[in-house]
There are 2 protein chains.
Amino acid sequence: MCELLALNANTPTDMGFSFRGLSRRGGASGEHADGWGLASFTPDGHPDRPSLTLLREEAPAAFSALADQLAERSPKALVSIAHIRKATRGVVALENCHPFSRRWGGQTWVFAHNGDLQGAIALGDRYLPDGSTDSEAAFCWILEQLDHSGVDSSNAAAVFEQLHHCAAQLAERGTFNALISNGQWLFVTATSRLHLLTRRAPFCKATLADPPLQVDFSALTTSNDVVTILSTEPLTTDEHWQPFQAGESLLLQAGEVIQRSRHGVRPAPAAQTPVP
Amino acid sequence: MCELLALNANTPTDMGFSFRGLSRRGGASGEHADGWGLASFTPDGHPDRPSLTLLREEAPAAFSALADQLAERSPKALVSIAHIRKATRGVVALENCHPFSRRWGGQTWVFAHNGDLQGAIALGDRYLPDGSTDSEAAFCWILEQLDHSGVDSSNAAAVFEQLHHCAAQLAERGTFNALISNGQWLFVTATSRLHLLTRRAPFCKATLADPPLQVDFSALTTSNDVVTILSTEPLTTDEHWQPFQAGESLLLQAGEVIQRSRHGVRPAPAAQTPVP
């Protein structure tokens, strides 16, 4: 199993504080020592559309000089997705590190997953995994479904419905806590462990659980800022993290939840099911 | 066309100084504003084998906060490969940014290219491009050739011969200045523009051409360090950069050239040739 972290905000925001909490679990205080990754959609260079930076490393985040550097100062982004990996399927290698990225509908999409999926996932001929994880196969399968659905990639509501439908099908095969983004908005879905926290005015101090570190967001923000953080486990000890309900999917934009849906989560059957 | 930068050293070495020179050309003093990337093989986490970090951004390096951070302090690596892109084939998008990475022979291989190749490159069924550049197609084709050759991926001399043979075939289609590495050694080939510089004791001061910046390597190194830099254009004004001969390929390990070969470069024919 792995751990997820994401940010969605209405103003370019540094995720360093939260990333420090996550990366500590990548081999130091946690067992997720098999690689890590960070995708950030920043307004750098292209003011009209956020541009994507993707960074992946096949070594433990807790001992990575680059992860340490990013914990001090990470790209100021509108959407960020981070992941630390504990290998359950696939070797320890760069191509098995999340986030994964692929092109669909004229946009680049980024995906990270926590969980295990049973059985082989049927692949089409357009999206084929580079690595050997169930996660990347699930991402390829999702993109194939989007492609076949004929949905317009700029129609957030329609894409949300498709993604939620895919999430419900994948949830029948096991644990599917996942994050998907095109930089415009962030889709989040959970079958087991995922927490949400929105920071907005009046901003307060927050204390990281590990390492014990405090930050005063009132000194770092303006009163208009809205910043939502998603994390497998609550990262701070003095804020109200909301757990996801099993089967819940959210669509976020500019730090706000703009769409919400829930499917019934059935436990994965013992025998391998046909391809979802 | 694009610009290449690489480092190969016998001790983990920061490429920040050279990277600063390169990244300035990515949209500020140069026209290579369509994305950039950096692959580093560092000893972080896995002392037995270098681990790979891969970072790509679809925005200009010259205006990227992350590129700026890496110019101050980049991962201390045994092999690093950087690239700034000026799009000639394929849209400005993450999946078209170099370096590319793929798995072959139980190792992850990294590839960056400067040049243009004529005609469609025949692809097999194992390595398919994610993006739409001639460069990534060439990389996939090379890996397919390595795969079919039956060569042992740990046999440096045999892999060098195969790569040089592939480079000669690709050179018939246009400009092929390229870098390939598995973290153990670095393969370098050129048909037109590429320069090499080896720094070893006694270390001196060096002055970056742009921005004008001086570094005293004698203060940053030990007398045993051997560091070779490859760059499309010489980055410093007071060191002896050696230009590659057309058709020359080198194999580097621990900062030293361990193998060398040269093929005849024929100009690409006007009509499209059959697949190489």
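The values are calculated or read from the model by the stated rules, or taken from the named source; none is laboratory data. Predicted, not measured: the structure shown is a model, and the values here were computed from it. Heads up, the Cβs are rebuilt from the backbone with ideal geometry, glycines too, and the neighbour counts pull from every protein chain shown.
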Would it be correct to say that residue B:16 is surrounded by 21 or more Cβ atoms within 10 Å (Cβ to Cβ), of a type outside the set (Ser, Thr, Tyr) and in contact with an Asp or Glu (Cβ under 8 Å, 6 or more places away or on another chain)? no
Condition check for residue B:171: within 21 Å of residue B:252 (Cα to Cα), aliphatic (A, V, I, L, M) and either modelled with pLDDT under 95 or surrounded by fewer than 18 Cβ atoms within 10 Å (Cβ to Cβ) (or both): no
Any hit, segment B:243-258, residues being surrounded by 17 or more Cβ atoms within 10 Å (Cβ to Cβ) and among the β-branched types (Val, Ile, Thr): no
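Please verify whether residue B:123 is within 24 Å of residue A:131 (Cα to Cα) and at pLDDT 95 or above, treating the condition exactly as stated. Walk me through it before giving the result.
Working: within 24 Å of residue A:131 (Cα to Cα): yes; at pLDDT 95 or above: no.
Spelling it out, it is not the case that residue B:123 is within 24 Å of residue A:131 (Cα to Cα) and at pLDDT 95 or above.
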Residues (among the β-branched types (Val, Ile, Thr) and within 21 Å of residue B:257 (Cβ to Cβ)) located in segment B:196-211: B:198
Applying the selection to segment B:130-159, what residues are among the β-branched types (Val, Ile, Thr) and within 14 Å of another protein chain (Cβ to nearest Cβ)? B:133
The residue that is farthest from the other protein chains (Cβ to nearest Cβ), considering only those in segment B:70-129 that are in a loop (DSSP other than H, G, I, E, B) and among the hydroxyl-bearing types (Ser, Thr, Tyr), is B:88
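Specify the residue that is surrounded by the most Cβ atoms within 10 Å (Cβ to Cβ); the eligible residues are those in segment A:57-89 that are closer than 19 Å to residue B:110 by Cβ and of a type outside the set (D, E, K, R).
Across segment A:57-89, the extreme among qualifying residues is A:59.
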How about segment A:186-237: which strands (runs of 3 or more DSSP E) wholly inside it have at least 3 residues that are surrounded by 13 or more Cβ atoms within 10 Å (Cβ to Cβ)? A:186-190, A:195-200, A:205-208, A:226-231
Answer yes if at least one residue in segment A:37-48 is at pLDDT 85 or above, surrounded by fewer than 24 Cβ atoms within 10 Å (Cβ to Cβ) and either closer than 24 Å to residue B:37 by Cα or not aliphatic (A, V, I, L, M) (or both), and no otherwise. no
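Could you please let me know if residue B:154 is of a type in the set (S, T, N, Q), under 28 Å from residue B:43 (Cα atoms), over 22 Å from the mean Cα position of the chain (by Cα) and at pLDDT below 95?
Judged against the criteria, residue B:154 is not a match.
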How many residues, within segment B:76-107, are among the basic types (Lys, Arg), under 15 Å from the mean Cα position of the chain (by Cα) and over 16 Å from residue B:4 (Cα atoms)? 1
Failed item, numbered, when residue B:245 is tested on (1) in a strand (DSSP E or B); (2) modelled with pLDDT of 95 or more: (1)
Would you list the strands (runs of 3 or more DSSP E) that sit entirely within segment B:1-66 and hold 3 or more residues that are more than 9 Å from chain A (Cβ to nearest Cβ) and out of contact with any His (no Cβ under 9 Å at 6 or more places or on another chain)? B:3-13
Within segment B:63-95, restricting attention to residues that are at pLDDT below 95 and among the polar types (S, T, N, Q), which residue is nearest to residue B:186 (Cα to Cα)? B:74
Given the conditions (1) of a type in the set (Gly, Ala, Ser); (2) surrounded by fewer than 24 Cβ atoms within 10 Å (Cβ to Cβ); (3) more than 28 Å from residue A:183 (Cβ to Cβ), every one holds for residue B:27 apart from (3)
